[in-house]
Structure formats: C-alpha cells, structure tokens
Amino acid sequence: MSKTAAEKIFSEKSGTDSKSGDYVVANVDYVMANDITAPIAIDAFNELGMKAKSDKIIIIPDHFIPPKDINSAIQYKKSKDFALENGTWFYDMGSGGVCHQVMMEKGFAAPGRLIAGADSHTNTYGALSAISTGMGSTEAGVIFATGKMWFKIPETIKINLRGKPKKGVEGKDIILNILSTIKNGGAAYKCMEFSGNINYIDINERMTMANMTTEAGAKCSFFDTDDKTIEYLNQRNTGDYKIVKSDENADFSRIIEVDMGDIEPSIAIPNSPDNVRIATAVHEKIDQAYIGSCTNGRIEDIRKAAAILKNKKVNKNVRLMVVPASQDVYNQALKEGLINTIVESGGYFSGTTCGACLGGYMGVLGPGEVCISSTNRNFIGRMGDKSSKVYLANPSIVAASAVLGRIGTPEEL
Amino acid sequence: MINNIKGRAIVLGDNVDTDQIIPAKYLNTSDPGKLAPHFMENEYPDLVSNIKKGDIIVAGKNFGSGSSREHAVITIKGLGISCIIAESFARIFFRNAINTGIPLIEAKINVSEFDEISVDFSNSTIMYNGNETHFKEYPEFLKNIINSNGLINYVRSGKW
C-alpha cells in the first residue's frame, strides 16, 4: 500500500500498518519542553510517579531566559532541577538558545524521527525530514514517564514547489504566500509536505518555512532529504537515522502547486500571518524592527541584516533589535564581525532568548507602536499592548526598514 | 463518563487564538486562580466579570489556535467553564482539553450571549432556545481518555 512519509513514520513508531485518520500510540524518539511548558509537564510526570525516560528528554529554557522576574526564575529553576535530578539533556544559558534552533543544531532533529515538543513551533524539524509536532504540557509529561504518546495520523497536503525564486525572495516570502493561500487553520491536523524544486531553498530557509506551517494549523511539516539536508546533518552529532519519503502515488488530501518564480518579497500585515501583501505596497512608519526567533534568527538571517546595515545608520526614530536564535549563532556572529556591524549601525544586539517575539520582555511594544519583525505571529497584542501592531517579513526587509524608518525593501536604500 | 451539562452561553467568534485567551505576559505562572482573571482581557476587558461557573463557551472556527500553552486550557478551567462548543478546534488546544478533561464539542449553533444551553452526551445532542443539534461522537480511542477524565488517569489505569 502506498503511503505518505507521515504515514510511514507513524506506522513504524507505533509498530502498526496505519493510514491517515488512524489513532496510534507511538514511541517518541525525543520530547522537548521549555521553561514555560516544562513546569506543567513536570507536575504531570510527578503525578504518574514513574521513572523518567531521561535519554529522550530535552529541557531548553528559552521563553523568559534570562529570567525576567521572580516567577520566571521559579519556573526556570523548576525546569533545571528536574533536568539535573533526572539526568535529562539540558541546555542552559550560555550553551542553549531558542529551543527549536538548539534541537536542530545539536543533532536531535534528523530524518525519519518522531519528535514531540511542548511548543507549537516544533513543526520546524520537518525541514530535516523528521515528523515533529507541537503539543501540550500534560502529554509531554506523560512522554517523560512512558516514552509514548497517542497520535491521530495526519493527512498530508503536498505543496509542489515549481520554478525558481527571484532574487530577494526568501523562505519567509514563500511560506507567507503559501499561508495566504491555505489560511490560518487551513492545514489543521494535517502534515504540510514540500516537494519539487526544494534544491533552490537552503536549509535555514526550509526551517523558516517548516516553522510557519504552524500558522496554517498544521500538525507537522516535511521536506524530502537531499544533499543540502545531508550536508547540514554531517556537521552535527545526530547518531543513526533513516531516510523516509512519500510514495509517488500516496494518498494526498490536497495538492497545491506553487510557482516560486511568481512570488515577490512579502509582508504579513496585522493581525494574522495569512494576511499577506507585496512588500512594496506597505510603507507604514515603524517604532521597532526585530530580527530573531526560531523563525528567522539564524546566522544566515543575521548575515543578511549585517550586509544591509553595513556603513548605514538605523533611523533615529527606530529601535533595531537583533536577537540570535542560539548561543552558537551568537558565537558565529561574533566571529564573523556581524555584531560589530550591527552595533555600529545603531542596532541593539542581545543574547539569545524568545523574549519579545511573544511579547514576553526585552522589546515589548507600547500603545500604538508599530514593529516590523522577522518572527512568526502578528496576532492582536502578540508583542505587547493590544493597540500595537506587528508586521511580519524576511530579515532583509526588517533591516532595510530599520534604516528607512518605515516599512520598505533593500532596493530603496 | 461525562455528565450532562447545563449552562449559559458565552459567545466568541472565529480564530480565537491562545494569545487572546491568555496573553504571554502571564505565562510566568500556571496557577488557575492567577490566570483566570486575564481570560480574553485584550479583546473583551469586561468578559470575565460576566462569566459564572458552569458557563459554556460557544465559538466559531479554529478555536484555540496559536501556541501550545496549556495555560489556555488552565485559564478556561479556572473560570469554571463546563464545556466548549466550537465549529472547529485548533489541534494543540484540542489535545490539551481532551488530555486534561474539558469536554469539547464540534458543532455550529446559533445562540446569543447568556442563552441557556444543555448538552446530553448520552445521545450527543445540544438543546438551546427550543432547537436541537446533534454532534458527532468522539472516536473510541478518545472516548477512553475522556471517560478516564484525562490522560494521566488513563495512563494510570494501565490501558496505555
């Protein structure tokens, strides 16, 4: 019987011969939780009174790290104590970063694996041909104890990427345009599988695309494994993995054709990531420009920003914040002199954290303020006050806008 | 088993996301008593003061979209909401509710704020303003979790 990659991986991990729509209890390769979600998961784990499956558990504090207040410090400490007491994987300040970036950098994400994460953007590891899915805390706590979880095997939407992206079009623009078609909730409960000319899309851009499948409501995402995937994996300590791909005649619930050559640099305007406009049509004045997050805070993103900011000044009315997605990204930016470039332009370069992406701290917006951001969500009040506005774009547009003082493109500089 | 439910409708729209249900700035606690007062405060600042224990949320499409925060479910539980009826649910919210024992019903009903609703789970029927709407039963697998009053009890029962 022909199967999609998702059907194959869920079948293998549950020891069944299953199809989309079936409920299975599957063995999870890894389960990840952060400082917001781990504390509730730990409570659930403690209720069960079982021994932890420590080698499967990864704790990565990132949302309110460094702790922003006493309550955050309590949650961080609870997560850390659990990790140390049970001997789980643990990435603290100074070695970790935003959980999804760390999961990929440290080799946990690899082809054919089933990974659960108590964070909605766990979808990201589909960029590395894993099935990875966001979930709640109670169930993450159950995996801590049992190594298993229940799943409904998702149907798969196949997105056939044709053509070649124009210059200046990044993974962010491709996924925003796909979101504009599929809409928030349009891929609910489904796997979004990207196929076709993925060779034109670098791994970091695939991560951005996989990351934002969450904004369509998808359960997971999937890219085929190719030379670029292998090159990325060969630089990390992944251990063994198994390459899986969908059969040609597998049963896809929907096939969407996308000509990447038709896509322009784009911006999601408030208040939904699927509310997409061509970048050249948006000119709003901004108070803040933010580059960071599991969506677009990687070294390639910071290189793009630095290239635009070199020998230029951030507009005097704008706060530019650059927040690397991990300590490794920070270290690399330091080594390449990118931090110098950004700071000399008048930008603020911080340590790694999720921080302002979710309106936590470190760059929260005041009433009526406008931010252009390389992050993933622009819901009402997402980055601060309910009257503030967030526009989502690729990091090049964010950096250019920081110089212009309003939303604009690198071509305008 | 889930008991039958009677309560007043609290009516919300489509795409109610978890940032609306409980803004991220409150995620430094998971205490239901501290979270509940901030339910939907950006969108509807007066809503919480009008919610009574036992009320039923009636919403549109894609309820609970956005982040994985279980705090969204904890907030709603903290208010004493007895059940959520929506045209559709976002997937992580759906899992969180099933796993922590809040009844969810996928159905479209037309009610106004504070209309009386009753739900009979034995025949999968919602009754409101003299109308009846039938909803689809949960698949057997989910029923087992729901009837155990959540995932922790289900795992403890040894059926896992």
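Just one of the listed residues (B:ILE126, B:ILE57, B:ILE146, B:ILE102) is within 20 Å of B:ARG8 (Cα to Cα), β-branched (Val, Ile, Thr) and at pLDDT below 95, namely B:ILE102.
Taking the numbered list (1) surrounded by fewer than 23 Cβ atoms within 10 Å (Cβ to Cβ); (2) in contact with a Leu (Cβ under 6 Å, 6 or more places away or on another chain) in turn, B:ALA24 passes all entries but (1).
Could we say that A:ILE36 is crowded, with 17+ Cβ neighbours inside 10 Å and either in contact with a His (Cβ under 7 Å, 6 or more places away or on another chain) or among the acidic types (Asp, Glu) (or both) here? For A:ILE36, the condition - crowded, with 17+ Cβ neighbours inside 10 Å and either in contact with a His (Cβ under 7 Å, 6 or more places away or on another chain) or among the acidic types (Asp, Glu) (or both) - is met. Applying a threshold of 7 Å to beta carbon distances and a minimum spacing of six or more residues, or different chains, the list of pairs starting in the stretch A:1-18 at a residue that is over 18 Å from A:PHE223 (Cα atoms) and ending at one that is β-branched (Val, Ile, Thr) reads A:SER14/A:VAL24; A:SER14/A:VAL25; A:THR16/A:VAL24; A:SER18/A:VAL24; A:SER18/A:ILE153.
Going by the conditions given, is A:ILE278 free of Cβ contacts under 8 Å to residues at least 60 places away in the same chain and farther than 27 Å from A:GLU344 by Cα? Yes: the conditions hold for A:ILE278. For the stretch B:121-160, a residue qualifies if it is in a loop (DSSP other than H, G, I, E, B) and among the charged types (D, E, K, R), and the qualifying residues are B:LYS136, B:GLU137, B:LYS159.
When the residues of the stretch A:43-57 are narrowed to those that are surrounded by fewer than 24 Cβ atoms within 10 Å (Cβ to Cβ) and aliphatic (A, V, I, L, M), which ends up nearest to the other protein chains (Cβ to nearest Cβ)? Here the answer is A:LEU48.
Restricting attention to the stretch B:32-89, the residues being within 20 Å of A:ILE36 (Cα to Cα) and assigned to a loop (DSSP other than H, G, I, E, B) number 8.
Within the stretch A:58-112, the set of residues being closer than 17 Å to A:GLY134 by Cα, in contact with a Phe, Trp or Tyr (Cβ under 9 Å, 6 or more places away or on another chain), more than 14 Å from chain B (Cβ to nearest Cβ) and not in a loop (DSSP other than H, G, I, E, B) comprises A:ILE58, A:ILE59, A:VAL102, A:MET103, A:MET104. Whenever a residue of the stretch A:223-251 is among the polar types (S, T, N, Q), its partners that are loosely packed, with under 15 Cβ neighbours inside 10 Å and part of a loop (DSSP other than H, G, I, E, B), lying with C-beta atoms within less than 8 angstrom and at least six residues away or across chains, give the pairs A:THR225/A:ILE243; A:ASN249/A:SER2.
Scanning the stretch B:90-120 for residues that are more than 14 Å from every other protein chain (Cβ to nearest Cβ), crowded, with 19+ Cβ neighbours inside 10 Å and either touching a residue at least 60 places away in the same chain (Cβ under 8 Å) or assigned to a loop (DSSP other than H, G, I, E, B) (or both) yields a total of 5.
Applying the set (1) among the hydroxyl-bearing types (Ser, Thr, Tyr); (2) under 23 Å from B:VAL16 (Cα atoms); (3) crowded, with 22+ Cβ neighbours inside 10 Å to A:SER387 leaves exactly one unmet item: (3). Among the conditions (1) over 27 Å from A:LYS152 (Cβ atoms); (2) within 14 Å of chain B (Cβ to nearest Cβ), the only one that A:ALA188 does not satisfy is (1). So is B:ASN15 in a loop (DSSP other than H, G, I, E, B) and either more than 10 Å from chain A (Cβ to nearest Cβ) or over 21 Å from A:SER272 (Cβ atoms) (or both) or not? Answer is no for this residue. Consider A:THR238 carefully, then state whether it is of a type in the set (Val, Ile, Thr), within 20 Å of the chain's Cα centre (by Cα), at pLDDT 95 or above and under 25 Å from A:SER18 (Cβ atoms). Against the criterion (of a type in the set (Val, Ile, Thr), within 20 Å of the chain's Cα centre (by Cα), at pLDDT 95 or above and under 25 Å from A:SER18 (Cβ atoms)), A:THR238 does not qualify. Looking across the stretch B:27-42 at every residue that is surrounded by fewer than 19 Cβ atoms within 10 Å (Cβ to Cβ) and out of contact with any Gly (no Cβ under 7 Å at 6 or more places or on another chain), the one that is nearest to the other protein chains (Cβ to nearest Cβ) is identified as B:THR29. The residues of the stretch A:246-263 that are within 24 Å of the chain's Cα centre (by Cα) and buried (at least 18 other Cβ atoms within 10 Å of the Cβ), listed by number, are A:SER246, A:VAL258, A:MET260, A:ILE263.
What's the total number of residues in the stretch A:113-136 that are within 10 Å of chain B (Cβ to nearest Cβ) and either of a type outside the set (Gly, Ala, Ser) or touching a His at 6+ places or on another chain (Cβ under 9 Å) (or both)? Residues in the stretch A:113-136 being within 10 Å of chain B (Cβ to nearest Cβ) and either of a type outside the set (Gly, Ala, Ser) or touching a His at 6+ places or on another chain (Cβ under 9 Å) (or both): 7 in total.
Scoring A:LYS219 on the criteria (1) more than 14 Å from chain B (Cβ to nearest Cβ); (2) touching a Pro at 6+ places or on another chain (Cβ under 9 Å); (3) not small (Gly, Ala, Ser) leaves a single failure, condition (1).
Scanning the stretch A:16-42 for residues that are hydroxyl-bearing (Ser, Thr, Tyr), outside any loop (DSSP other than H, G, I, E, B) and away from chain B (no Cβ under 11 Å) yields a total of 1.
Kindly indicate whether any position in the stretch A:361-375 is touching a helix residue (DSSP H, G or I) at 6+ places or on another chain (Cβ under 8 Å), surrounded by fewer than 24 Cβ atoms within 10 Å (Cβ to Cβ), on the phi < 0 side of the Ramachandran plot and free of Cβ contacts under 8 Å to residues at least 60 places away in the same chain. The answer is yes; a qualifying residue exists.
Beta carbons closer than 7 Å, at least 6 apart along the sequence or on distinct chains, pair a first residue in the stretch A:77-94 that is touching a residue at least 12 places away in the same chain (Cβ under 8 Å) with a second that is among the hydrophobic types (A, V, I, L, M, F, W, C) and assigned to a helix (DSSP H, G or I) for A:LYS78/A:ILE42; A:SER79/A:ALA38; A:PHE82/A:ALA38; A:PHE82/A:ILE42; A:PHE90/A:ALA83; A:PHE90/A:LEU84; A:TYR91/A:VAL102.
Across the stretch B:48-83, the number of residues qualifying as charged (D, E, K, R), within 14 Å of chain A (Cβ to nearest Cβ) and within 19 Å of B:ILE105 (Cβ to Cβ) comes to 2. Evaluated against (1) within 30 Å of B:ILE146 (Cα to Cα); (2) of a type in the set (Ser, Thr, Tyr); (3) crowded, with 24+ Cβ neighbours inside 10 Å, A:TYR189 falls short on exactly one condition, (3).
The values are calculated or read from the model by the stated rules, or taken from the named source; none is laboratory data. Quick caveat: nothing in here was measured; it's all calculated off a predicted structure. So basically every Cβ, Gly included, is an ideal-geometry build from the backbone, and we count neighbours across all protein chains shown.
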